[in-house]
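Comments concern the structure below.
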Amino acid sequence: MVLHAITAPRIVETCGWLARNLPFVDHVALMGLENTGFALANSELLWIDPVDYRDDLEQAIKLLVWAGVKVSIYNLPRCVLSKSVWPYAVQSISDWKNGYVKECEQCIERPRCGGFFTSGRPRRSRGISPVLAS
């Protein structure tokens, strides 16, 4: 499920529905938006700061985990996520289009962080800040 301004506000309901109605689902991937292609062409419609759906993402993951569904978060930096979901966040951006910003230089989570897309026209969350202590 790609998270953007249309899907993110419905993430709790969608993941709850998946957990209740599709017991055969083995894995749900919740993916941050890569601002390229049609997403770039529709940026004003699709862009949402991950900070604005952070709490809903956390609740959605709890629902899936409770239902026994494996879940992963792709394409989102750790600093915009609740710490409780960090175990589900993976480095998923291809190395040739993955980068970090100046704030990442001091961040202790950088080795485990998914980083940022350098492709397309990246949008920047207002939540980007280095994690300085665990």
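Of all helices (runs of 4 or more DSSP H) completely enclosed by the range 1-51, which ones contain at least 3 residues that are modelled with pLDDT of 95 or more?
Result: 11-21.
Within the range 36-56, can you find the residues that are out of contact with any helix residue (DSSP H, G or I) (no Cβ under 6 Å at 6 or more places or on another chain), touching a residue at least 12 places away in the same chain (Cβ under 8 Å) and not acidic (D, E)?
T36, G37, L40, S43, L45, W47, R54, listed by residue number.
Would you tally the residues in the range 61-84 being closer than 19 Å to R126 by Cβ and over 9 Å from the mean Cα position of the chain (by Cα)?
3
Just wondering, is there one or more residues in the range 112-125 that are closer than 12 Å to P50 by Cα and open to solvent by 60 Å² or more (accessible area, probe 1.4 Å)?
Within the range 112-125, one or more residues are closer than 12 Å to P50 by Cα and open to solvent by 60 Å² or more (accessible area, probe 1.4 Å).
I'm told S125 meets every condition in (1) part of a loop (DSSP other than H, G, I, E, B); (2) modelled with pLDDT of 90 or more; (3) closer than 19 Å to A29 by Cα except one. Can you identify the failing condition by its number?
The number of the failed condition is (3).
For the condition assigned to a helix (DSSP H, G or I), aliphatic (A, V, I, L, M) and at pLDDT 90 or above, what is the one hit in V131, V85?
Every option except V85 fails the conditions.
Would you mention how many residues in the range 64-81 are free of Cβ contacts under 8 Å to residues at least 24 places away in the same chain and either in contact with a Lys or Arg (Cβ under 6 Å, 6 or more places away or on another chain) or not in a helix (DSSP H, G or I) (or both)?
1
Can you tell me which residues in the range 62-81 are within 16 Å of L3 (Cα to Cα) and surrounded by fewer than 18 Cβ atoms within 10 Å (Cβ to Cβ)?
Passing the criteria: only S72.
Does R10 satisfy the condition of being within 27 Å of P122 (Cα to Cα) and open to solvent by 30 Å² or more (accessible area, probe 1.4 Å)?
yes
Please go through the range 90-109 and pick out each residue that is within 18 Å of A133 (Cβ to Cβ) and either under 15 Å from the mean Cα position of the chain (by Cα) or buried (at least 17 other Cβ atoms within 10 Å of the Cβ) (or both).
C104, C107, E109
So for the range 45-53 (the condition being closer than 18 Å to G127 by Cβ, out of contact with any His (no Cβ under 9 Å at 6 or more places or on another chain), of a type in the set (D, E, K, R) and surrounded by fewer than 20 Cβ atoms within 10 Å (Cβ to Cβ)), does at least one residue qualify?
yes
The values are calculated or read from the model by the stated rules, or taken from the named source; none is laboratory data. Because the structure is a prediction, the values reported are computed rather than measured. When we count neighbours, we look across all protein chains shown, and the Cβ atoms used for this are built from the backbone with ideal geometry, even at glycine. These area figures cover heavy atoms from the full protein model, side chains too; ligands, DNA and RNA do not enter into them. Shrake-Rupley method; radii C 1.70, N 1.55, O 1.52, S 1.80 Å.
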